[in-house]
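Colleague: I have a structure here, written as structure tokens, and I will follow up with some questions on it.
The values are calculated or read from the model by the stated rules, or taken from the named source; none is laboratory data. None of these values were measured; they are calculated from a predicted model. Note: ideal-geometry Cβ built from the backbone for every residue, glycine included; neighbour counts use all protein chains shown.
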Amino acid sequence: MPPQVCFYVLVSLLCSAIACRSLCAQAPNPARLASESAASPTTLVSSTPGLKRTSPLAKARELYRTGKLEAAEEGYKAILRDDPRSAPTCAGLARLYLKQKRVPDASAAAAKAFELARQMSAGHAAMGKVYIRQAQIAEAEKEFPSEVRRGTSSARAYFGLAGFYSTILLFDVR
């Protein structure tokens, strides 16, 4: 196997391992959740720190995760009607559009998320995925590694970096 291929495989595996570690670190403690739900059954903690499950953003994310994309899109759009400067909502909408293969819409949503919060990892990850879908490899290469070098705890940045190197490896775009 050529050394470049070995390098890309190794980096992809490493990024996946780091992302899994990051996800495990962010996962809620089951014992804490049980005690919190016993104390207050209507307030559950979502996977995003500081975000209640009853918030509109948490509901839209849950709809996205369960594959109810049209309902999730309506949820994200309702949030943007109330707060057009919500960068996490724009990033979520970009992910949703990518899932629906609506790349131009995803590009616009990711650009808005990036514009609203340049330091937000989700915005960088969304832009990187859009760049990959648009075959703009040089631009995608700037998004993912910069987030990882910055020391982000976002699993999306690590998974995006692994996906980026997998794309390079599979399609030999360099």
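Colleague: With ILE168, ILE137, ILE132 as the choices, which residue is buried (at least 21 other Cβ atoms within 10 Å of the Cβ), among the β-branched types (Val, Ile, Thr) and on the phi < 0 side of the Ramachandran plot?
Modeller: Working: ILE168 fails: buried (at least 21 other Cβ atoms within 10 Å of the Cβ); ILE137 fails: buried (at least 21 other Cβ atoms within 10 Å of the Cβ).
ILE132 is the lone residue from the list that is buried (at least 21 other Cβ atoms within 10 Å of the Cβ), among the β-branched types (Val, Ile, Thr) and on the phi < 0 side of the Ramachandran plot.
Colleague: In region 140-165, which residues are surrounded by fewer than 19 Cβ atoms within 10 Å (Cβ to Cβ) and among the hydroxyl-bearing types (Ser, Thr, Tyr)?
Modeller: Hits for region 140-165 are SER146, SER153.
Colleague: When only residues in region 103-129 that are among the basic types (Lys, Arg) and over 21 Å from PHE171 (Cβ atoms) count, which is surrounded by the fewest Cβ atoms within 10 Å (Cβ to Cβ)? First the steps, then the outcome.
Modeller: Here is the first cut: in region 103-129, the residues among the basic types (Lys, Arg) are 112, 118, 129.
With over 21 Å from PHE171 (Cβ atoms) added as a condition, the list becomes 112, 118.
Values: LYS112: 22, ARG118: 10.
Per the stated criteria, the residue is ARG118.
Colleague: I need the helices (runs of 4 or more DSSP H) fully contained in region 25-101, keeping only those with at least 3 residues that are modelled with pLDDT of 55 or more, among the charged types (D, E, K, R) and exposed (fewer than 14 other Cβ atoms within 10 Å of the Cβ).
Modeller: Values: elements: 30-39, 56-65, 69-82, 87-99.
Filter on region 25-101 gives 69-82.
Colleague: A further question follows. On the given criteria, is SER107 free of Cβ contacts under 8 Å to residues at least 40 places away in the same chain and in a helix (DSSP H, G or I)?
Modeller: Details: free of Cβ contacts under 8 Å to residues at least 40 places away in the same chain: yes; in a helix (DSSP H, G or I): yes.
Yes, satisfied.
Colleague: Another question about this same structure. Report the residue count in region 147-174 for those that are of a type in the set (Ser, Thr, Tyr) and under 21 Å from GLY92 (Cβ atoms).
Modeller: Qualifying residue count, region 147-174: 4.
Colleague: If you check GLN136 against the conditions, is it closer than 12 Å to PHE164 by Cβ, polar (S, T, N, Q) and free of Cβ contacts under 8 Å to residues at least 60 places away in the same chain? Talk me through it step by step, then tell me what you get.
Modeller: Details: closer than 12 Å to PHE164 by Cβ: yes; polar (S, T, N, Q): yes; free of Cβ contacts under 8 Å to residues at least 60 places away in the same chain: yes.
So GLN136 fits the description; yes.
Colleague: Which ones in region 116-146 are charged (D, E, K, R) and more than 17 Å from LEU93 (Cα to Cα)?
Modeller: Applying the first criterion (charged (D, E, K, R)) to region 116-146 yields 118, 129, 133, 139, 141-143.
Passing the criteria: GLU139, GLU141, LYS142, GLU143.
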